[in-house]
Structure formats: structure tokens, C-alpha cells
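The values are calculated or read from the model by the stated rules, or taken from the named source; none is laboratory data. Because the structure is predicted, anything quoted here is derived from the model rather than measured. Please note: Cβ atoms are built from the backbone with ideal geometry, for glycine as well, and neighbour counts cover all protein chains shown.
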Amino acid sequence: MTRESSLQNARVERSEHESRTLRTRESYVQDPRVQHSRTLTVLRTGPQTLIQDLGRPGNAHLGVPPSGALDVPSFTLANRLVGNPEDAAGLEVLLGGLSLRADTSCTIAVTGPTTPTWVNGVLRDSPLHLAAGDTLTLGTPRGGLRSYVAVSGGITVPADLGSRSTDLLSGLGPAPLQPDDELPLGDPTGVPVGVDVLVPVQVPDELIVPVFLGPRDDWFDNPTRQLSAGRWTVSDRSNRVGIRLTGTALDRVSCRVGQELPSEGLITGAVQVPADGSPVVFLADHPTTGGYPVIGVVPEDALPLLGQAIPGTPLRFAPQP
Amino acid sequence: MQLRRCGTHAVLVEVDSLGEVEAVRAAVEAAELPDVVELVPAARTVLIVTRPGAMQAVRKMLTTVDLVHHPGTVSDEVVIPVRYDGPDLDLVAETAGLTTAEVVDLHAGATYQVAFCGFAPGFAYLTGLPEPLRQPRLDSPRTKVPAGSVAVAGEYTAAYPRATPGGWRLIGRTDAPLFDPRRPTPALLTPGHRVRFEATP
């Protein structure tokens with residue numbers, strides 16, 4: 001899908017939505033000259049801002065990655081705070097720098113690592129209310145990489161295979177945000193949850209990542225010992241496809257050196273070991289099949305922190321029985 | 001059949017042939033287990049991902065799979081129209097020791113089956129390729145294979161749903177709607193489908 005067509009569709013949907021909203025509110029509108037559209041306008045994106053929801057699992061047999069927010073607990077928390085269903089589409093903001101203008105009044109929550117948040121230049125705590133014309137700006141997060149922004153009503157760009165998530169590997173879903181994009185919002189359906197204090201995500205100084213051996217642990221020489229003795233750091237070549245690790249090379253058993261594996265299905269959290277021995281932990285935009293052996297699988301509940309891990313963070317594996 | 005652990009709620013079923021892969025895939029699909037999230041066939045394996053707590057039911061179900069006498073897949077045949085004018089058609093003919101017309105007759109005369117998808121959304125690996133057309137990949141892959149290209153490599157043939165890099169030998173091109181994420185059934189070809197190619201002028 002091209003960026004043009006995605007935005008066109010978004011605009012068509014928005015204008016239909018607008019006319020519906022105006023019709024239903026006709027009798028209440030006092031001043032017909034004031035027209036607020038239920039959109040957000042992107043002013044700046046920072047290094048990368050993506051629309052995400054809970055992804056499109058269940059399509060791997062078509063070659064379609066699951067995609068979806070990397071830090072799921074932070075993402076669903078943001079939605080609950082603004083009264084959305086947990087799977088409403090929001091924004092995944094890499095390293096801050098996002099600036100938005102609200103074209104309608106809405107409730108916003110920012111979750112994930114500690115992220116300074118300004119409304120019209122004034123530092124504010126989230127969740128917060130925006131009036132039409134207000135601008136929201138996110139600073140650089142501390143203690144993690146990705147902040148999540150939920151907006152009451154959710155972002156209602158058209159869905160691909162039931163999801164609005166941007167999949168950077170296969171190009172499904174909306175394109176990464178650009179300045180001047182207008183993001184259509186749905187109608188708010190629930191009541192925002194009031195909170196005073198949010199506990200931010202904080203990636204520890206050293207990540208200790210649980211891993212269950214298999215399915216191809218037998219390709220490696222004493223895999224438990226190698227995994228628990230190894231020391232790695234999170235590479236700056238990590239992305240939504242996977243966390244690349246630099247450090248200890250994992251050795252294959254001698255009879256498997258130089259061998260190839262016919263491609264096989266991959267699960268999110270799979271620790272794949274390419275020929276050079278440096279492991280990759282696959283995240284939401286991972287390829288659906290792969291030909292390098294998977295020594296083990298990181299359980300789902302350990303993946304959100306990996307999605308927040310700053311390059312250079314030391315990492316160890318803790319093999320599970 | 002060997003079951004390999006894949007985290008806490010998935011299993012990788014390893015078998016010996018593409019036929020056995022299809023037997024496992026078709027049996028799991030037919031069992032309609034409610035908690036199976038992903039069912040991913042590949043060359044020698046089937047990955048089964050479940051919701052937490054459902055692995056035991058899957059393992060029990062797998063003990064009932066007959067790898068030899070499976071009923072086979074009953075599916076409609078998808079016919080893909082192809083203009084056989086690909087840039088590697090002469091190379092494929094030369095490698096096979098055939099004329100290009102004979103290559104077209106062979107490729108369009110066979111019936112294929114979708115063994116699995118991967119590489120890109122809607123990219124289906126089709127088995128059933130006649131022996132003379134089983135040929136190696138190009139020495140140097142193309143940086144961009146046009147969408148709709150029909151190609152062969154090893155024991156497979158495929159049609160590229162969209163422009164991607166690729167090293168397969170290109171023999172033709174189709175306008176068939178291979179993948180559209182907005183359609184209720186996004187992929188034209190899914191595992192188990194029978195497929196034929198039809199030469200068009």
C-alpha cells in the first residue's frame with residue numbers, strides 16, 4: 001500500500017466521519033462558524049513515530065508478521081487511562097521529539113519510560129486534557145526508548161488485516177508519521193481513568209532475560225552453559241524486527257558447523273543464532289520464517305523491556321528449566 | 001514426527017517431507033482447536049502457537065495424526081494467468097535443454113500445491129514443479145523483482161506479490177491479485193491450495 005493511498009483513505013474516512021458528527025450535533029452547535037474536526041495534526045515526529053495497536057497475529061501462515069506495540073503493558077495502560085478499549089490504535093514514539101496539534105478536545109495519556117510532556121510549552125503530567133488548538137510535545141524519554149501516546153477515541157486510519165499497526169518489515173499498515181499528517185480520531189467510548197501518579201518503565205542497568213531452550217538447542221554445544229556464561233550488549237542495529245546482540249559468539253556442535261536448516265516458522269521472542277554466532281531476539285515485526293537455528297525462546301512477559309532496551313545496555317540470559 | 005519445544009505455548013513439529021508437513025497442517029486445521037493462534041507450515045516443520053494453557057490439547061491431538069494415510073486437502077483450484085515473457089525464460093530453457101515453448105508447456109501443464117508462505121506477505125512456495133524446471137537461483141540476486149513476476153528456484157515455483165529483491169529465475173508475469181491487505185481474504189494463495197498457471201498471449 002502506498003503512503004498516498006493510505007492518507008487518501010484516511011481523509012475519506014475522516015470526512016465521512018465529520019459529516020456524521022456534524023449531523024448528529026446539529027441541534028447543539030451554538031456557533032456554526034466553529035468547526036472542530038476530530039483529528040490530530042502532526043507537527044514534528046522525532047526520529048520515528050508509528051501508529052500501533054495490538055497487531056495482526058494469526059496471519060503468519062500468509063507470511064504476515066504479528067507487528068503491534070513492542071511494550072504491550074505500557075500501550076494498553078495508555079489506552080485504559082483515556083477510556084479506550086485496550087486495542088485502540090495509538091502512537092509508539094521512538095526517543096521523543098513528537099509534536100502534535102489537537103484539532104478537537106481530547107484526553108491524552110503518555111506512558112512508557114519517564115517522558116517530559118509539554119502542552120503549549122508548559123510542562124504537564126499525563127494523563128491530560130487538550131482543547132482544540134493545543135499542542136502536545138514529547139521530550140526525550142529517560143530509562144527507555146519508546147513512549148506510548150493514547151488519544152481518547154483512538155486513531156482510526158484504515159486497518160490492514162484487522163490492524164492499524166505499522167509493520168516495518170513487510171510494509172503493511174500506515175506509513176511512519178510525517179509532519180502535516182492528519183490523524184483521524186474515533187468517538188470516545190469510555191470514561192478516562194483518573195490517576196495521580198504513573199510508575200514509569202525503567203530498563204535496569206543490566207538486563208537478565210529468561211529463555212526456554214529449544215527448538216534447535218541441539219545444534220549448540222552445551223547450550224545452557226553457553227547461554228548462562230555469555231555476556232552481551234544491545235546493539236544499535238536493533239529495531240522492531242529484533243534485538244541484535246554483540247558479545248559472546250554461541251558455538252554450534254561440530255557436526256552442525258556450516259549446515260543449513262530448511263526455513264521454519266518463527267515465534268516472537270525466538271533467539272535465533274546466525275552463522276556468526278551473535279544472537280538476535282525477534283520482536284513484533286519479525287519474519288514469519290527463518291533458516292538459522294533458534295536456540296531458545298524468551299517468554300512473552302520478558303519482551304516489553306527488550307523493546308525499551310537502549311543500545312549499549314548489558315544483557316545476560318537466564319536459561320529456564 | 002518429532003515435537004520440539006518452542007517457548008511455553010508453542011511447539012515445532014518436525015517431519016520428514018513436504019507431504020507429511022501438509023498432513024500435520026491439514027489435521028490441525030481440521031481439528032479446529034479453539035486456542036490455536038498460529039499454524040505455520042514450512043519445508044519440514046509445522047509451527048503451532050497457542051494461547052497460554054492450550055499446549056496439552058495440541059500435543060494430544062498430534063498423537064492422532066496419520067502421516068501416511070491422510071485424506072489430503074480438498075480445495076478449489078486457483079488458476080493464475082501468466083504471460084511467459086520473463087527475462088530468465090531463455091536461461092531456464094537453456095539449462096533444461098528445452099525450447100522456451102516447451103518450458104511454457106511444462107510449467108503451465110503441471111498442477112501445484114501451496115506448501116507454505118513466507119519471505120513476504122502472500123508469497124507462496126508452490127510444489128509440483130516438473131523436474132527439468134528445478135534449477136538453482138541466480139548467481140547474483142536482483143535488487144528489485146517486479147510485482148507479479150512468476151519464477152522458479154529449486155523445487156519451488158512462485159509469484160511475487162510485490163516488488164522485492166529476489167534471486168529466483170523469472171519466467172513470466174501475472175496480473176492476478178496475489179495479496180491485498182484490505183480484502184477479507186488478503187492472500188490469493190494459502191497453504192493447501194491447488195494451483196495451475198495458464199499461458200496468456
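Candidates are the residues of the range B:187-201 that are assigned to a loop (DSSP other than H, G, I, E, B) and at pLDDT 95 or above; the one that is surrounded by the most Cβ atoms within 10 Å (Cβ to Cβ) is B:Leu189.
Contact map, the range A:209-220: first residue on the phi > 0 side of the Ramachandran plot, second residue basic (Lys, Arg), Cβ cut-off under 8 Å, separation 6 or more or different chains; pairs are A:Gly214/B:Arg4; A:Gly214/B:Arg5. Here B:Pro81 clears all of (1) within 11 Å of chain A (Cβ to nearest Cβ); (2) under 18 Å from the mean Cα position of the chain (by Cα); (3) not polar (S, T, N, Q) except the condition numbered (1). Of the candidates B:Leu39, B:Leu18, B:Leu3, the single residue that is within 14 Å of chain A (Cβ to nearest Cβ), more than 24 Å from B:Gly122 (Cβ to Cβ) and of a type outside the set (Ser, Thr, Tyr) is B:Leu3. Where strands (runs of 3 or more DSSP E) fall wholly inside the range B:1-42, the ranges with 1 or more residues that are within 15 Å of the chain's Cα centre (by Cα) are B:36-41. Just one of the numbered conditions (1) in contact (Cβ under 8 Å) with a residue 24 or more places away in the chain; (2) surrounded by 16 or more Cβ atoms within 10 Å (Cβ to Cβ); (3) under 22 Å from the mean Cα position of the chain (by Cα) is not true of B:Leu62: (3).
Against the test of being closer than 22 Å to A:Gly171 by Cα, without any contact (Cβ under 8 Å) to a residue 60 or more places away in the chain and either surrounded by fewer than 22 Cβ atoms within 10 Å (Cβ to Cβ) or not aliphatic (A, V, I, L, M) (or both), the options B:Ala158, B:Ala163, B:Ala153, B:Ala176 yield a single qualifying residue, B:Ala163. Scanning the range A:277-313 for residues that are out of contact with any helix residue (DSSP H, G or I) (no Cβ under 8 Å at 6 or more places or on another chain) and β-branched (Val, Ile, Thr), we see that the one that is farthest from the other protein chains (Cβ to nearest Cβ) is A:Ile310.
Considering each residue of the range B:24-58, count those that are farther than 21 Å from A:Leu261 by Cβ and surrounded by 14 or more Cβ atoms within 10 Å (Cβ to Cβ), and give that number. Total meeting the criteria: 14.
Of all residue pairs spaced 6 or more apart or on separate chains, those with beta-carbon atoms under 9 Å, a first member in the range A:90-105 that is over 10 Å from A:Arg44 (Cβ atoms) and a second member that is of a type in the set (Lys, Arg) and assigned to a strand (DSSP E or B) are A:Glu92/A:Arg146; A:Val93/A:Arg146; A:Leu94/A:Arg146; A:Leu95/A:Arg146. Once the range A:161-182 is narrowed to residues that are of a type in the set (Asp, Glu) and over 20 Å from A:Asn239 (Cβ atoms), the residue that is surrounded by the fewest Cβ atoms within 10 Å (Cβ to Cβ) is A:Asp180. Taking every residue in the range B:104-124 that is closer than 23 Å to A:Gly63 by Cβ and within 7 Å of chain A (Cβ to nearest Cβ) and pairing it with any residue that is small (Gly, Ala, Ser) and buried (at least 20 other Cβ atoms within 10 Å of the Cβ), at least 6 positions away or on another chain, the pairs with Cβ-Cβ distances below 6 Å are B:Cys117/A:Gly63; B:Cys117/B:Ala124; B:Gly118/A:Gly63; B:Ala120/A:Gly63; B:Pro121/A:Gly63; B:Pro121/A:Ser170; B:Gly122/B:Ala187; B:Phe123/A:Gly63. Of the strands (runs of 3 or more DSSP E) lying entirely inside the range A:115-161, not one carries at least 3 residues that are assigned by TED's automatic domain parsing to the domain that holds A:Pro311, acidic (Asp, Glu) and closer than 12 Å to A:Arg101 by Cα.
Checking the conditions here, which among A:Pro66, A:Pro85 is touching a residue at least 60 places away in the same chain (Cβ under 8 Å), crowded, with 24+ Cβ neighbours inside 10 Å and closer than 30 Å to B:Phe179 by Cβ? Reasoning before the result, please.
Working: A:Pro85 fails: crowded, with 24+ Cβ neighbours inside 10 Å.
None of the other options fit; the residue is A:Pro66.
A single member of B:Thr143, B:Thr157 is in contact with a Leu (Cβ under 6 Å, 6 or more places away or on another chain) and either of a type in the set (Ser, Thr, Tyr) or in a helix (DSSP H, G or I) (or both), and it is B:Thr157.
Of all residues in the range A:214-232, those being away from chain B (no Cβ under 14 Å) and assigned to a helix (DSSP H, G or I) number 5. For the range B:160-186, a residue qualifies if it is facing another protein chain (nearest Cβ under 10 Å), touching a Gly at 6+ places or on another chain (Cβ under 8 Å) and assigned to a strand (DSSP E or B), and exactly one does: B:Phe179.
The sole residue among A:Leu172, A:Leu161, A:Leu168, A:Leu207 that is modelled with pLDDT of 95 or more, closer than 26 Å to A:Ala275 by Cα and within 14 Å of chain B (Cβ to nearest Cβ) is A:Leu168.
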